[in-house]
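Beneath this line is the structure, given in structure tokens, with notes to follow.
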Amino acid sequence: MMPEIATRDGGVATPLGNLLLSLDQEQYDAVMATGRRICVTAGAGSGKTRVLVARAAHRIATGVPVDRLVVVTFSKAAGDELGHRLNSLGVTGAQSGTIHALCYKILRQELGYRGVADGSGQRRFLRAVMAEMKAKDPFQEVLREINVCKALDRPPRRYVALYDAYERKLAQARVWDFGDMVQKAHWHLRDHPEAAARWAGLWDEVLVDEAQDTSALQWAALGHLITPTTTLFMVGDAQQSIYGWRGARPDLMMAGLERPEAEAFETRPLPRNYRSVPPIVAFSNRLMAEESWWSPMTATREVSSEPMPTIEFLGPAATRHEEADAVARHLTALRVRHDWSWGRMAILYRTNAQSEPFETACMQQGIPHLVMGSVGFYARAEVLDVLAYLRATSLDPEALDRIYNRPSRYLGAVWRRELEEQGGWPAFFDDPSACSWSKPYMRKRADELYETILDLQQRLAAGSTPAALVEHVLERIGYRAWLIGEEPDEMDNVRSENLDQLQHAAGRWTSVEEFLAFTERCGPRRPQTMDFNQVRLSTIHRAKGLEFPLVVVAGLSEGVLPHRLGEPAEERRLFYVAATRAQDRLVLSSCVPVSSFWSSLQAVEPLGALMDAEASEEAHGTSDGLELPSGSARDPGPPRADTGRHGGDGPPDAAVPSGGTVGTGPGVCGPDDGV
């Protein structure tokens, strides 16, 4: 359906007309650009989503058929949000979806239906192949090689025979894995000119959102859809490119499609930040000042007149839990002193494992909170497994059912059924020798399980601490080695960090009983309901695309942010993304050792110049004496004007259509997204 033309007709405003009239000059120029290759460089808070929506609606209103325009988004959630905004402007039937969904559509129409193996399905296929070939290679290393080859579109350099056998296994089952969708679509269109001709030029206008997070392979796949007469309109921010581990690089966006016939891109910058107050914009500018393609953002808002500092530093604390406790007390003080609701606050961190100390601090201090995009720390599978071992010391049947084959003891469903037929767990622990098993190996394995639990009981009776028992489960029983393997992939690193954090958390308790009682209150039975009056806890990746009045960027510690495994430039961009989620207040927190990012910023200019000295002194006076790092002088700065606050992505007088902000998050959505 075509929206009303983007003008005021007879004095009656149309939704699209209102949107266009609300744009600033740079936004309007980007929407109205007439070239075939347009790159909109949109900094944080500059209104890129409004520009993308306005561009799509305007092009449809001025003659592009709705089925000849497609918007490629980074996530399914972003595609759904874009569709909602277009509907509010009277545009229905617009096509939008992720690059994986688009490529799956191509494969399905060209090659017929196939299923898609998710992560667990992929592992099952690979394990079957390795078992058939009697391969002794490290499973995780083989899996990583397969995924890297597909993401980077290169042939395998190792495990070639396993790779080929795995591909044959998928083909026999008529299944693609997640990495196949983009790679196989690109290959098919590259190698079959008649198929490429069917898709080339199918759309008159292709719009690409979050272009900075598009990999070289994804650009190559998109290139098959674009002809010299196709308009390519892409929107992105090189400073927010944070998915290098997926092959995305900021220079790919700046270079555009690497095709001989591609025209030079017409660049349309959006230099105004409508989200954050000037000190936060200035801080963010300084973070990225060393980037070669950086263009400073201009603040449009004025500092709030509320008597509290715009930017604060809490720390460095001695431990992560002390840092979290200080942050929780600080947020409580702000709520009491300035009557802020919890829902205006967010705590952002680098890794999933970092949620634990903040969940704990919030629980202990009565702060309502929600872990975004994930279950809470004590509801994660690997954490529940280890805690089940501790509960198994009391012969808890539910705990024993969870861990009797974790790590694998080759005691499967048959053994468990035979156990139940002989009286279940009580009979087994009363006299394991009285139990009989159908397979000889089961006797040895069952005896090992019995000895493992008996040893834990004895350690507990001898006074072992919660931390010591957790370490015993991880290292002596071998849970970590079984879960992670010799060559951990990225997800394994996440799980390993969760196990490290669990051991650290257990170290705060002297009683196993009290520790387990606390984790039970925090565990999977605690409701995770959405409530607007909750502090949001989120990884930085998950928070991308969101905004909050007050943001705490936590864990500014060396090895955490920047992460010890990260690429330095991308880690700095992650810091930038986190800081630019803040609208009115930015709190930076740390435990020792303090992040090198902080040190490098202090070497340029004391951050205290961005703070309100009197309010900062007052706030820090309630935070256990936490001080700024040495060298960060406090300067009172200019007086603040008593003006209203404007949030959003357009000029203060903009008539913005309804529709909330959506977070893109780190997940790439699969074939069910739809295009």
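Side notes on the structure shown:
- Full extension of the chain between Arg564 and His338 yields a length gain of 77.6 nm, computed as 0.36 nm times the residue separation minus the alpha carbon distance.
- Dipole orientation for region 84-160: of the candidates Ala151, Met130, His84, Met130 has the Cα lying most toward the positive pole (charges on Cβ; Lys, Arg +1; Asp, Glu -1).
- The protection proxy used here, the mean number of other Cβ atoms lying within 10 Å of each residue, ranks peptides 535-546, 53-64 as follows, highest first: 535-546, 53-64.
- Nitroxide proxy distance, nm - points 7 Å out along Cα→Cβ at Leu111 and Trp293: 3.1 nm
- Placing a label point 7 Å from the Cα of Leu152 along the Cα-to-Cβ direction, the residues of region 222-248 whose backbone N falls under 13 Å from that point are 245-248.
- Think of each Lys and Arg Cβ as +1 and each Asp and Glu Cβ as -1; about the Cα centre, that makes the dipole of region 115-155 roughly 100 debye.
- Estimated from the Cβ-Cβ distance and a Förster radius of 25 angstrom, the FRET efficiency linking Glu132 and Ala216 is about 0.15.
- For the cross-link pairs Lys150/Lys439; Lys105/Lys136; Lys76/Lys169, the ones whose C-alpha atoms lie over 32 Å apart are Lys150/Lys439; Lys105/Lys136.
- Ranked by the mean number of other Cβ atoms within 10 Å per residue, highest first, peptides 389-397, 429-437 order as 389-397, 429-437.
- Solvent-accessible surface of region 1-152, taken per residue with a 1.4 Å probe and all protein chains present: 40 Å².
- Highest mean packing first, where packing is the average number of other Cβ atoms within 10 Å per residue, the peptides 23-31, 213-221 line up as 213-221, 23-31.
- Estimated FRET transfer efficiency when R0 is 25 angstrom, pair Thr510-Glu475 (beta carbons, to 0.05): 0.75
- Surface composition of region 143-217: carbon and sulfur make up 59 percent of the accessible area, probe 1.4 Å.
- A simple spin-label model places the labels of Ala468 and Ser600 4.4 nm from each other, with each point 7 Å out along Cα-to-Cβ.
The values are calculated or read from the model by the stated rules, or taken from the named source; none is laboratory data. Everything numeric in this text was worked out from a predicted model, so none of it was measured. All Cβ positions, even for glycine, are placed from backbone atoms using ideal geometry, and neighbour counts span all protein chains on display. The accessibility values were calculated without ligands, DNA or RNA, using every heavy atom of the protein model including side chains. Shrake-Rupley method; radii C 1.70, N 1.55, O 1.52, S 1.80 Å.
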